[in-house]
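A short worksheet on the structure shown next.
The values are calculated or read from the model by the stated rules, or taken from the named source; none is laboratory data. If you're wondering where the values come from, they're calculated on a predicted model, not measured in any experiment. In this analysis, Cβ positions are derived from the backbone assuming ideal geometry, glycine residues included, and neighbour counts consider all displayed protein chains. Accessible surface is based on the protein model in full, side chains and every heavy atom, while ligands, DNA and RNA are left aside. Shrake-Rupley method; radii C 1.70, N 1.55, O 1.52, S 1.80 Å.
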Amino acid sequence: MADPLLTPMQLGHVLQSARKAARLSQAQVGTRLGLSQKRVSALELAPGSITVDQLLKLCAGLGLELSIGPRAASA
């Protein structure tokens, strides 16, 4: 089970961790997705500026899946 993302910075960390686990550089990811290395870096460091299209492309390019569901009730 994946942990929920509650902040944009958590998203940036997940994207960066997945890229590193795949042993890809920011430039390699950018080339695959038609983005510059600088944009990939910006998305990892400040993911609040990511578009839905870019997020879905990044997820696909890094072998991630995006799921949305109801938030678990607090105890």
Problem set entry | Considering residues of segment 37-50 that are surrounded by fewer than 13 Cβ atoms within 10 Å (Cβ to Cβ) and free of Cβ contacts under 8 Å to residues at least 12 places away in the same chain only, the residue nearest to the chain's Cα centre (by Cα) | Ser49
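Starting from residues that are of a type in the set (D, E, K, R) and surrounded by fewer than 16 Cβ atoms within 10 Å (Cβ to Cβ), keep the ones in segment 1-22 and report whichever is nearest to Ile68 (Cα to Cα). First the steps, then the outcome.
Let us first name the residues in segment 1-22 that are of a type in the set (D, E, K, R), namely 3, 19-20.
If we keep only those that are surrounded by fewer than 16 Cβ atoms within 10 Å (Cβ to Cβ) too, we end up with 3, 20.
Numbers: Asp3: 12, Lys20: 24 Å.
Ranking the candidates gives Asp3 first.
Determine, yes or no, whether Ser25 is of a type outside the set (A, V, I, L, M), open to solvent by less than 90 Å² (accessible area, probe 1.4 Å) and modelled with pLDDT of 95 or more.
Details: of a type outside the set (A, V, I, L, M): yes; open to solvent by less than 90 Å² (accessible area, probe 1.4 Å): yes; modelled with pLDDT of 95 or more: yes.
Judged against the criteria, Ser25 is a match.
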Exercise. Considering only residues of segment 51-63 that are hydrophobic (A, V, I, L, M, F, W, C) and open to solvent by 60 Å² or more (accessible area, probe 1.4 Å), which is nearest to Thr7 (Cα to Cα)?
Worked result: Val52
Exercise. Applying the selection to segment 28-75, what residues are modelled with pLDDT of 95 or more and in contact with a Pro (Cβ under 9 Å, 6 or more places away or on another chain)?
Worked result: none
Problem set entry | Cβ pairs under 6 Å, 6+ apart, first in segment 1-27 and over 13 Å from Gly48 (Cβ atoms), second open to solvent by 50 Å² or more (accessible area, probe 1.4 Å) and at pLDDT 90 or above | Ala18/Leu64; Gln26/Gln37; Ala27/Gln37
